[in-house]
Amino acid sequence: MIFHIRSNYYVDKFNYLIIAKGIILITGDQDMNDFVSTMSIALSAEMAPVATIVVWHVGRYGDLAVDSLTFPVNGISRNKFKVLINNKKARTGHKVEVVIYGEPGSYVGLSGIDRSFYTMQAGNELTYAKVITKMMTFDEHINGTLQHAWMSHEGYPDELIYFPSSTFGIDANRTFEFAGLVVFSDFELTRRPSFCNESLGFGECLNRRCYRLSKKCDYYMDCEDGTDEAGCSYENATELSLFRKFRFNRIQRQYENVWVWKDVNIGPHGRYIFNIDVPARPAHWMVSAFSMSPTLGFGMLNKAIEYVGVLPFFINVEMPNLCMQGEQVGVRVTVFNYMEDNMEATVVLKGSQDYKFVHVEENGFVKAYNPRTS
């Protein structure tokens, strides 16, 4: 990443450091040959999900100037594994081949659910936005990055993007404090005077007025500059989750929705191949996956794989599992044809000495006692 450091006065040299998750990763200094200096820093996985660069300069008379910038770092983009579904090997469509490519020794977890259940987006599935949001909580909560989210009306996962953000500190002392740093030095670390005592429950506005901390994030601006309403989350995540859960009617396929539920380890050749049966019920499956690599860390599919599992021709038989001797049971046989052409099929119920067939009389009547059998 390339950083540009700009000053409006003469600076011969400045110091900088990069901190992430409370750990100082890089420190150094650089000469300032002009009013703008440019330097490049190599990003690493240790900086994910957010890192802060702090730049400061101590003047000739001990005066301190400091600024910081918090920027996002994508820490789950190195593990680029692939998942492919091949339905060309079994012509009947009863089986498909799942191929996984990735780093040898990596763990991969697969999950395939019905699209009607997937589009609820009620917290049952791992998504890229959810993982990034949780990772953002690893760092300091005072400084943060700017973000924007897109919520899908069709039920697809939320899309989230982060942007760099300057420090929220209004003086040198709070700039270091908000970056999670404690300064030990003999030069003066300036702090703007404040008459708001936090121990008594008062916070400070940017215009030096005070407001009660109990009124923070109450949908009303007690500060003229809106400091008391900054950094608040007005979104009710619980209500949104409940809305997504119950905006669809409860139907049977939502309770029989699991298909690919498997965890594997990629072999030494960088691939893992297995076959799996396709459920007889036609469904639009959404397959998502995540991976843990010993060297590349965590990774996941940015977008779920869509697979329409429709068998071309199959028979479904419904009947009780157990019955008593002399009992009459109904067996329902359903034939499904999803081919493009019509087919003539003959369904034969094989006879046996263990049971007899009950004849259905005219107008669909069946005698409960002493029916006609064959």
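The values are calculated or read from the model by the stated rules, or taken from the named source; none is laboratory data. All values derive from a computational prediction rather than experimental measurement. Don't worry about glycine lacking a Cβ; one is built from the backbone with ideal geometry, like all the others, and counts go over all protein chains shown.
Couple of notes before you dig in:
- Some residue of the range 189-200 being on the phi < 0 side of the Ramachandran plot, in contact with a Ser or Thr (Cβ under 9 Å, 6 or more places away or on another chain) and surrounded by fewer than 13 Cβ atoms within 10 Å (Cβ to Cβ): no
- Only one entry in VAL54, VAL66 is touching a residue at least 24 places away in the same chain (Cβ under 8 Å) and either in a loop (DSSP other than H, G, I, E, B) or under 30 Å from VAL131 (Cβ atoms) (or both), namely VAL54.
- Breaking point among (1) modelled with pLDDT of 95 or more; (2) touching an Asp or Glu at 6+ places or on another chain (Cβ under 7 Å); (3) closer than 30 Å to LEU311 by Cβ, for LEU25: (3)
- Selection within the range 7-45 - under 37 Å from the mean Cα position of the chain (by Cα) and basic (Lys, Arg): LYS21
- Among the strands (runs of 3 or more DSSP E) confined to the range 259-374, the ones with at least 1 residues that are modelled with pLDDT of 85 or more and farther than 30 Å from LYS134 by Cα are located at 271-277, 305-309, 313-318, 332-337.
- Count of residues meeting criterion [acidic (Asp, Glu) and surrounded by 10 or more Cβ atoms within 10 Å (Cβ to Cβ)] in the range 323-362: 1
- PHE163 vs. criteria under 25 Å from LYS21 (Cα atoms), surrounded by fewer than 18 Cβ atoms within 10 Å (Cβ to Cβ), within 30 Å of the chain's Cα centre (by Cα) and modelled with pLDDT under 85: no
- Restricted to the range 1-27, and to residues there that are under 19 Å from PHE71 (Cβ atoms) and not hydrophobic (A, V, I, L, M, F, W, C), the residue that is surrounded by the most Cβ atoms within 10 Å (Cβ to Cβ) is TYR16.
- Residues in the range 108-144 that are charged (D, E, K, R) and assigned to a loop (DSSP other than H, G, I, E, B): GLU125, ASP139, GLU140.
- Restricting the range 90-103 to residues that are closer than 17 Å to ALA289 by Cβ and not in a strand (DSSP E or B), the residue that is farthest from the chain's Cα centre (by Cα) is GLU103.
Quick grid of which residues meet (1) surrounded by 10 or more Cβ atoms within 10 Å (Cβ to Cβ); (2) touching a Gly at 6+ places or on another chain (Cβ under 7 Å); (3) without any contact (Cβ under 8 Å) to a residue 60 or more places away in the chain; (4) not assigned by TED's automatic domain parsing to the domain that holds GLY102:
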| site | (1), (2), (3), (4) |
| --- | --- |
| ALA283 | yes, yes, no, no |
| MET292 | yes, no, no, no |
| ASN321 | no, no, yes, yes |
| PHE365 | no, no, yes, yes |
